[in-house]
Amino acid sequence: MPRLSYRRALTRALADEMTRDGSVFLLGEDIRVAAANVTAGLLKRFGPERVLDTPLSEQAFTSFATGAALAGARPVIEFQIPSLLFLVFEQIVNHAHKFPLMTGGQCAVPVTYLVPGSGSRTGWAGQHSDHPYSLFAHAGVTTVVPATPADAYGLLVSAIRCDDPVVVFAPAGAMEVRADVTAFDAVPLGRGVVRRPGSDVTVVAVGHLVHDALAVAEELAGQASVEVFDPRTVYPFDWDGLLASVSRTGRLVVVDDSNRSCGIAGEIIATVVERVRLAAPPRRVTRPDGAVLPFAPALDRAVQPGRDQLTAAIHLCLKDGS
């Protein structure tokens, strides 16, 4: 039972899929020297033909990956900074995502876009600290945000094997999480999991915030029974799994490390209240509207959702429904 870090789980998933399938190759900026420490050792193992350093032109190599996928390869692109996805939104959403749909399924575009260290990395400031998974979910691109080493491995494997484009957000707040991994299996896309059962309130936590939600649930164990639901994939979302949880508890709190307006937290709440009668108004804990994370570490942390905010939201939800 190896104790594995989230970061090394990503590395192992890449290595295993490259070994299994010769059409898988990696490309990105400085990946041969493993600048993000995710592709370490892969150049030596698989050679320069399958681990490609690219020029500093995200639009160019993202379009190159689309063409390679159309030709039968399975490229995996590593983006060093999450904000770079804004530069290639056109290439991902308007090209790779739409080609199979607009051709009636006559082509496949199996590209995986991996963002190791998405979100705040403490003091990386406004242009390096975004967590834009809601944008890709809105556009209908398969979007995953693993919380644990086992899911980092399993969801990345499933993303690489998928015949459609998949964006994998690996949160900076989870990269050093370590856990005992009992099996290295693919994790199905679009299927959430209850991380902790409870009966009083459902907390939906995205990515690294799953660990904060579990800590808060443990702290409140003598006062409330908190169920923690991890969606794992934000598009397609496991609505059946979440609705089953909320139907049991009757209350909902969502903690989401993205901006409040048009974030995934708002979509989760809207969908649930359309289908389930809640015992109390739902609550969400997010970054503020239009947040741009500051450079100063104290301000950086102040803008992000945290355990104190989540605890307060749970208390308010329980109070309103009493």
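Remarks
- Residues of region 284-322 satisfying the condition of being open to solvent by 50 Å² or more (accessible area, probe 1.4 Å) and charged (D, E, K, R): ARG284, ASP289, ARG301, ARG307, ASP308, LYS319, ASP320
- First in region 222-238 and under 16 Å from HIS315 (Cβ atoms), second anywhere and modelled with pLDDT under 95, Cβ under 6 Å, 6 or more apart: ALA224/LEU318
- All of (1) farther than 27 Å from VAL228 by Cβ; (2) not in a strand (DSSP E or B) hold for TYR113 with one exception: (2).
- When VAL276 is tested against (1) surrounded by fewer than 24 Cβ atoms within 10 Å (Cβ to Cβ); (2) β-branched (Val, Ile, Thr); (3) at pLDDT 95 or above, exactly one condition is not met: (3).
- Qualifying position, being farther than 29 Å from LEU293 by Cβ and outside any loop (DSSP other than H, G, I, E, B), among SER134, SER158: SER158
- Close pairs (6 angstrom Cβ cut-off, 6 or more residues apart or separate chains): closer than 21 Å to SER134 by Cβ in region 89-107, of a type in the set (Gly, Ala, Ser) anywhere: GLN91/SER63; VAL93/ALA139
- Here LEU85 clears all of (1) in a helix (DSSP H, G or I); (2) modelled with pLDDT of 95 or more; (3) more than 19 Å from ALA147 (Cα to Cα) except the condition numbered (2).
- Residue in region 21-41 that is modelled with pLDDT of 90 or more and assigned to a helix (DSSP H, G or I) present: no
- Any hit, region 214-221, residues being out of contact with any Phe, Trp or Tyr (no Cβ under 9 Å at 6 or more places or on another chain), over 20 Å from ARG178 (Cα atoms), open to solvent by 10 Å² or more (accessible area, probe 1.4 Å) and without any contact (Cβ under 8 Å) to a residue 40 or more places away in the chain: yes
- Residues that are open to solvent by less than 50 Å² (accessible area, probe 1.4 Å) and within 18 Å of PHE229 (Cα to Cα) were ranked within region 174-199; the one that is farthest from the chain's Cα centre (by Cα) is GLY198.
- Of all residues in region 98-124, those satisfying the criterion of being open to solvent by 30 Å² or more (accessible area, probe 1.4 Å) and under 30 Å from PRO288 (Cβ atoms) are ARG121, THR122, TRP124.
The values are calculated or read from the model by the stated rules, or taken from the named source; none is laboratory data. None of these values were measured; they are calculated from a predicted model. Ideal geometry is used to build each Cβ from the backbone, glycine not excepted, and the neighbour counts take in all protein chains shown. Note: accessible area is taken over every heavy atom of the protein model, side chains too, but ligands, DNA and RNA are not part of it. Shrake-Rupley method; radii C 1.70, N 1.55, O 1.52, S 1.80 Å.
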